[in-house]
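J.: Below you will find the structure I want to go over with you.
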Amino acid sequence: MNEQKSFANIAPDQCPVSALSDTYRLSNEQLESVFRKARSESPVVYLEDIDYWAVTRYDDIKRVLGDKERFSAEITLQPLRPVAPEVSQVFKDRGFSPRPTLSNNENPNHGPVRRVAQAAFSPRRNKKLEPYIRKLVNDAVDRFETDKRADLVAQLVYELPALVLFKLLGIPESDVQQIKQWADSRLVLSFGKPSLEEQLVAAGHMADYWDYCLDLVQQRIASPQDDLPSDMLAMWRDNEDIDVEDVNNVVFGLLLAGHETTTNMSANAILTLLQHRASWEAITSDPGLIPNTVEECLRFRSSVVAWRRLAKVDTELSGVTIPAGQRVMCYLPSGNRDESRFDDGEEFDLHRKEARGHVAFGFGRHFCLGAPLARFELVVILEELTRRLPGMRLVADQDLMPVETVQFRGPQQLWVEWD
């Protein structure tokens with residue numbers, strides 16, 4: 001019997017805390033039970049299987065993510081398990097050598113690079129995308145509305161966040177499928193447990209991705225456009241603290257991380273609302289409830305499961321000392337349901353006043369740069385779906401197992417139907 005089947009046959013309240021090293025093998029009910037058990041019994045625990053310390057309480061998570069003197073973000077994108085020597089050779093042969101991106105950059109230039117990226121990632125530019133986002137949602141609904149049935153992952157939220165981000169970055173729609181494939185490979189290599197053959201395929205894809213980003217930036221240097229890379233390059237020329245390699249890395253990081261999380265976030269939100277039928281009907285009747293509902297969806301079922309740090313000094317959390325040099329895994333969805341921070345934290349409440357206090361986008365100096373755009377996209381998706389398909393419901397007895405990485409979570413498919 002393999003490990004996946006053994007978890008499938010375990011009742012949610014019987015799953016061990018050690019299952020945190022394989023979160024993608026757990027159903028939502030199992031994972032929620034493991035988090036509750038961990039917060040209560042083992043809020044800081046060593047996971048031998050992956051050589052990480054799991055941190056599951058809200059206050060501890062915020063301390064780890066917010067204390068740059070005690071914890072470093074340098075391992076945030078490090079593969080969960082070391083890559084094979086053959087993979088390192090592929091990277092060397094292909095000239096794949098990116099600097100740290102925004103999420104794992106602990107160098108002195110982190111602040112200047114982030115400020116330039118933040119300025120280019122402006123609310124003005126995000127707002128300009130609204131008609132495009134609404135058109136994407138409605139075009140998708142037009143394609144499947146008469147079918148009375150759809151897989152919203154495959155037919156709506158898989159491509160939509162990528163199309164929005166690529167519009168922001170000035171990338172043609174014809175390249176979307178290729179880049180999504182490259183991004184999927186990166187997620188498997190960094191956050192999964194791939195075989196050697198899978199690692200080598202992923203390594204080739206990441207090198208292809210890197211070459212694509214370098215070429216994109218060079219195109220914008222030669223011919224600026226109305227897009228984020230061009231904005232960054234314009235500011236780069238006036239900022240001696242950063243160089244063109246930093247622009248390359250921001251584009252590389254955004255292309256990789258900026259849409260996978262939003263795909264999962266959107267699928268999780270729709271799933272949650274359809275499982276809480278009264279909430280779906282409430283936002284259908286009153287769209288003004290949607291912005292706070294988005295925050296509660298983020299809190300209740302976060303798409304980013306775990307975020308990583310390296311302990312720089314011995315640090316005590318919840319009575320447990322994590323030694324210097326040890327790796328730490330902060331389980332954000334667990335913190336977001338911690339009842340010491342959120343009253344009735346295991347309950348979904350779209351009227352929750354403190355919903356925005358969640359850590360779904362992280363915390364501290366590495367807080368998610370694209371959070372405003374992700375929130376805005378989800379608001380638009382819910383506004384249009386509740387307007388166009390108010391009677392939408394989940395197809396019964398479907399498989400809702402998540403994507404196969406430890407760090408991110410969302411259903412691989414989400415079948416819905418309507419009359």
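J.: Please compute P(r) over all alpha-carbon pairs of the chain, binned at 20 Å starting from zero, and give each bin as a whole-number percent.
T.: Per 20 Å bin, starting at zero, the Cα-Cα P(r) for the chain comes out as 26, 60, 14, 0 percent.
J.: Sequence-distant or interchain residues sharing an amide H contact under 5 Å with F408, placed H: which?
T.: V305
J.: With springs only between Cα atoms under 10 Å, which of T315, T76, T284 fluctuates most in a Gaussian network model of the chain?
T.: T315
J.: Here is a follow-up. Compute the distance in nm between two label points, each set 7 Å from the Cα along the Cα-to-Cβ direction, one at D51 and one at N239.
T.: In this crude label model, D51 to N239 measures out at 3.5 nm.
J.: All other residues with a Cβ under 11 Å from the Cβ of G364 taken together, and with Lys, Arg as +1 and Asp, Glu as -1, what is their net charge? Each step should come with its number before you reach the end.
T.: Details: positive: K62, R63, K68, R309, R365; negative: D67.
Net local charge, G364 excluded: +4.
J.: Thinking of the range 17-110 as a set of Cα atoms, what percent of all their pairs are more than 20 Å apart? Working shown, then result.
T.: Details: 2342 of 4371 pairs.
The answer is 54 percent, as a whole percent.
J.: Under 27 Å between alpha carbons: how many lysine pairs meet that in the chain, if sequence neighbours fewer than 8 apart on the same chain are excluded?
T.: Count of close lysine pairs: 22.
J.: Here's a follow-up. Among T101, V83, V113, whose Cα projects farthest towards the positive end of the dipole of the range 55-128, with charges put on the beta-carbon of Lys, Arg (+1) and Asp, Glu (-1)?
T.: The listed residue farthest towards the positive side: V113.
J.: Now a separate question. So if I place +1 on the C-beta of Lys and Arg and -1 on the C-beta of Asp and Glu, and nothing else carries charge, what would the dipole magnitude of the chain be about its Cα centre? I want it in debye, nearest 20. Can you show the working numbers first?
T.: Values: 49 positive and 64 negative charges, 144 e Å.
Taking the Cα centre of the chain as origin, the dipole is about 700 debye.
J.: For the chain, which whole percent of the accessible surface, found with a 1.4 angstrom probe, sits on carbon and sulfur atoms? Mind showing how you got there, number by number?
T.: Values: 8540 of 17350 Å².
Of the solvent-accessible surface of the chain, carbon and sulfur hold 49 percent.
J.: Still on this structure: Calculate how many DSSP beta bridges within the chain are antiparallel, expressed in % of all such bridges and rounded to the nearest 5.
T.: Details: 21 of 24 bridges.
Within the chain, antiparallel bridges account for around 90 percent of the total.
J.: While we're looking at this one, here's another question. Determine the per residue accessible area of the chain with all protein chains present and a 1.4 angstrom probe, expressed in square angstrom. Kindly include the intermediate steps, with their values, before the conclusion.
T.: On the way: 17350 Å² over 419 residues.
Here the per-residue accessible area is 41 Å².
J.: Considering only the other residues whose Cβ falls under 15 Å of the Cβ of L214, what net charge follows from Lys and Arg at +1 and Asp and Glu at -1? Don't skip to the answer; put the middle values down first.
T.: Numbers: positive: R94, R99, R220; negative: D175, D208, D211, D215, D243, E245, D246.
Summing Lys/Arg as +1 and Asp/Glu as -1 gives -4.
J.: Quick check: Cα centre of the range 206-232 to Cα centre of the range 284-347, how many Å?
T.: Centre-to-centre (Cα) distance: 34 Å.
J.: Another question, if that's okay. Give the residue from A54, A140, P12 lying farthest towards the positive end of the charge dipole for the chain; charges sit on Cβ (+1 for Lys and Arg, -1 for Asp and Glu) and the dipole is referred to the Cα centre.
T.: A54
J.: Which ³J(HN,Hα) values in Hz, rounded to whole numbers, follow from the phi angles of the range 412-419 under the Karplus curve 6.51 cos²θ - 1.76 cosθ + 1.60, where θ = phi - 60° and Gly and Pro get x?
T.: 6, 8, 8, 7, 10, 9, 7, 8
J.: Can you list the HN-Hα couplings for the range 9-20, worked out from phi with the Karplus curve (6.51, -1.76, 1.60; θ = phi - 60°), rounded to whole Hz and with x for Gly and Pro?
T.: Calculated HN-Hα couplings, in order: 9, 9, 4, x, 6, 9, 5, x, 4, 4, 5, 4 Hz.
J.: Could you list which residues have their amide H under 5 Å from that of Q78, counting only those 5 or more apart in sequence or on another chain, with H placed in the peptide plane?
T.: Counting only residues 5 or more places away or on other chains, the set is empty.
J.: What percent do you get for the relative contact order of the range 148-301 when only Cα pairs under 8 Å and 6+ apart count?
T.: In percent, rounded to a whole number, it is 28.
J.: Rounded to whole Hz and in sequence order, give me ³J(HN,Hα) for the range 137-153 from the Karplus expression 6.51 cos²θ - 1.76 cosθ + 1.60, θ = phi - 60°, writing x for Gly and Pro.
T.: 5, 5, 5, 5, 4, 4, 6, 10, 4, 6, 6, 6, 6, 7, 9, 5, 5
J.: Give the long-range amide H neighbours of Y46: residues separated by 5 or more places, or on another chain, with amide H under 5 Å away, using H modelled in the peptide plane at 1.01 Å from N.
T.: Here A54 satisfy the definition.
J.: Right, something else. Using only Cα atoms, figure out Rg for the range 55-214 and give it as a multiple of 2.2 N^0.38 Å. Intermediate results must be reported in sequence, preceding the final value.
T.: Numbers: Rg = 19.0 Å, N = 160, 2.2 N^0.38 = 15.1 Å.
Compared with the compact-globule rule of thumb, the range 55-214 sits at 1.26.
J.: Over the range 304-419, what is the relative contact order in percent, taking alpha-carbon pairs closer than 8 angstrom and at least six residues apart? Don't skip to the end; give the middle numbers.
T.: Details: 115 pairs, mean separation 25.9, N = 116.
Contact order relative to length: 22 percent.
J.: Which residue fluctuates most in the GNM of the chain (Cα springs below 10 Å): E339, E197, E354?
T.: E197
J.: Oh, and also: Using only Cα atoms, what Kirkwood radius does the range 363-419 have, in angstroms? Mind showing how you got there, number by number?
T.: Numbers: mean 1/r = 0.0708 Å⁻¹.
Answer for the range 363-419: a Kirkwood hydrodynamic radius of 14.1 Å.
J.: With springs only between Cα atoms under 10 Å apart, run a GNM on the chain and tell me which of A306, A269, A278 wobbles the most.
T.: Among A306, A269, A278, the largest mean-square fluctuation in the Gaussian network model of the chain belongs to A278.
J.: Normalised by the residues of the range 32-183, what does the relative contact order come to in percent, with Cα pairs under 8 Å and at least six apart? Before the final figure, lay out the partial values.
T.: Working: 68 pairs, mean separation 17.7, N = 152.
Computed value for the range 32-183: 12 percent relative contact order.
J.: Arrange the residues K180, K353, K37, K127 by how much accessible surface each exposes, largest first, with a 1.4 angstrom probe. Don't skip to the answer; put the middle values down first.
T.: Details: K180 0, K353 195, K37 50, K127 120 Å².
Result, largest first: K353, K127, K37, K180.
J.: Now for a separate question. Can you check how the C-alpha radius of gyration of the range 153-294 compares to 2.2 N^0.38 Å, as a plain ratio? Working shown, then result.
T.: Details: Rg = 18.4 Å, N = 142, 2.2 N^0.38 = 14.5 Å.
Its radius of gyration relative to the 2.2 N^0.38 Å reference: 1.27.
The values are calculated or read from the model by the stated rules, or taken from the named source; none is laboratory data. Not measured: the values here are computed from a predicted model. Glycine gets a Cβ as well: all are built from the backbone with ideal geometry, and neighbour counts include every protein chain shown. Only protein heavy atoms, including side chains, enter the accessible area calculation; ligands, DNA and RNA are left aside. Shrake-Rupley method; radii C 1.70, N 1.55, O 1.52, S 1.80 Å.
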